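The values are calculated or read from the model by the stated rules, or taken from the named source; none is laboratory data. Source: prediction; values computed, not measured. When we count neighbours, we look across all protein chains shown, and the Cβ atoms used for this are built from the backbone with ideal geometry, even at glycine.
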There are 2 protein chains.
Amino acid sequence: MKEPAQVFTEYIAKNGLKVTPQRLRIVEVFLREDGHLTTEELYERVKKVDNTVGQATVYRTMKLLCDSGIAKEVHFGDGVARYEKKYGSEHHDHLICEACGKNLEVIDEQIELLQEQLAARHGFVLTSHRMYLYGVCDDCRGKK
Amino acid sequence: MKEPAQVFTEYIAKNGLKVTPQRLRIVEVFLREDGHLTTEELYERVKKVDNTVGQATVYRTMKLLCDSGIAKEVHFGDGVARYEKKYGSEHHDHLICEACGKNLEVIDEQIELLQEQLAARHGFVLTSHRMYLYGVCDDCRGKK
DNA sequence: CTTGTTGCAAAGGATTTGCACGGCT
DNA sequence: AGCCGTGCAAATCCTTTGCAACAAG
């Protein structure tokens, strides 16, 4: 499988765009960090490497990353966009603790299958989906 | 089953708040309209009945409607909040056509059950969830 | 009088955009 | 020269909030 960074580079080339130092730094930070970072968080981390990079460039680059298929924008309910890795990691859904904010990536093949079937019953061919499960985790329920 | 409007009124009373003409108009418009209206759209419709109502009041009232349990905020991906009726209509998920924007409310009990089980496997007790299925509908695929 | 409500305008927060400059071809 | 990319600041969009006036108990 191709490296995500390479996928990005090829996407850039194919569209007559340019691989710039800023873009490389942002991609690098994005790929290195775990979890679901906001643009703000990515911006902070990139600045540690190069504090001349502007926030607008982070916004613009994250859009490119999404277009190229290595990133995916997710929304957890606060008004902020977050990004997670898409290329090279399987699809997953989100299980979020409403008490502590903990966020698990989960997957259930049976649900995936039923989603396809449900869509088909309505005449749809699915291209993607997003599922967010909200609840309270063990720790927050005070379970020993 | 109680009328949604009554549920709202009782919620208002229980919390030491007041039933005002503005709130009544907004609830009325919200309950009358179908679909998933944005605050802006609700505001426009309310203004036709009473053009003195302010947009801030619509925002504030929609929050009350959510708290009282008769409305639910949903996000389809553009940056705008939409509201749908919650009380008196069962829970459902969304099946959205990416080509024409058509939006179906769907439900699959088996998926609902599996979601509970999936959460339980991770030590969570679910309080709610949101599932958005994106695809292309029959019409848009050019099927006869 | 006290408490909650309202419209307005100002403020906020996140994201986008206009622009002049800079680098590469 | 011709493009694309960049940082900055200004602009936008959606939503919230401060405030003075108001209404009801």
Can you work out which of the residues in the range B:68-99 that are crowded, with 17+ Cβ neighbours inside 10 Å and among the β-branched types (Val, Ile, Thr) is farthest from B:GLN115 (Cα to Cα)?
B:ILE70
Out of (1) away from DNA strand D (no atom under 13 Å from the Cβ); (2) within 14 Å of chain A (Cβ to nearest Cβ), what's the single condition that is false for B:TYR59?
(1)
Flagged in the range B:3-24 as more than 9 Å from DNA strand C (Cβ to nearest atom) and either basic (Lys, Arg) or within 14 Å of chain A (Cβ to nearest Cβ) (or both), in numbering order, are B:LYS14
Is it the case that the range A:90-111 has a residue that's within 16 Å of DNA strand D (Cβ to nearest atom) and either on the phi > 0 side of the Ramachandran plot or at pLDDT 90 or above (or both)?
no
Could you please find all residues in the range B:30-49 being closer than 16 Å to B:LYS86 by Cβ and more than 13 Å from DNA strand D (Cβ to nearest atom)?
B:PHE30, B:LEU31, B:ARG32, B:GLU33, B:ASP34, B:GLY35
For the range A:1-27, how many residues meet the condition of being assigned to a helix (DSSP H, G or I) and within 13 Å of DNA strand D (Cβ to nearest atom)?
13
What single numbered condition from (1) crowded, with 18+ Cβ neighbours inside 10 Å; (2) in contact with a Lys or Arg (Cβ under 8 Å, 6 or more places away or on another chain); (3) at pLDDT 90 or above; (4) not small (Gly, Ala, Ser) fails to hold for A:ILE26?
(2)
Among the residues of the range A:95-144, how many are at the interface with another protein chain (Cβ under 7 Å from one of its Cβ atoms) and farther than 25 Å from A:LYS72 by Cα?
6
Give, as residue ranges, the helices (runs of 4 or more DSSP H) completely inside the range A:32-134 that count at least 1 residues that are assigned by TED's automatic domain parsing to the domain that holds A:LEU17 and not small (Gly, Ala, Ser).
A:39-49, A:55-68
Condition (residue is touching a residue at least 60 places away in the same chain (Cβ under 8 Å), closer than 30 Å to A:VAL136 by Cβ and within 16 Å of DNA strand C (Cβ to nearest atom)) applied to the range A:36-57: is it met by at least one residue?
yes
Might you check whether a residue that is in contact with a helix residue (DSSP H, G or I) (Cβ under 7 Å, 6 or more places away or on another chain), among the small types (Gly, Ala, Ser), within 26 Å of B:VAL136 (Cα to Cα) and within 16 Å of DNA strand C (Cβ to nearest atom) occurs anywhere in the range B:96-105?
no
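Would you mind finding the one in A:LEU31, A:LEU42, A:LEU65 that is under 30 Å from B:ARG121 (Cα atoms), surrounded by 12 or more Cβ atoms within 10 Å (Cβ to Cβ) and among the aliphatic types (A, V, I, L, M)?
On the way: A:LEU42 fails: under 30 Å from B:ARG121 (Cα atoms); A:LEU65 fails: under 30 Å from B:ARG121 (Cα atoms).
After ruling out the rest, the residue left standing is A:LEU31.
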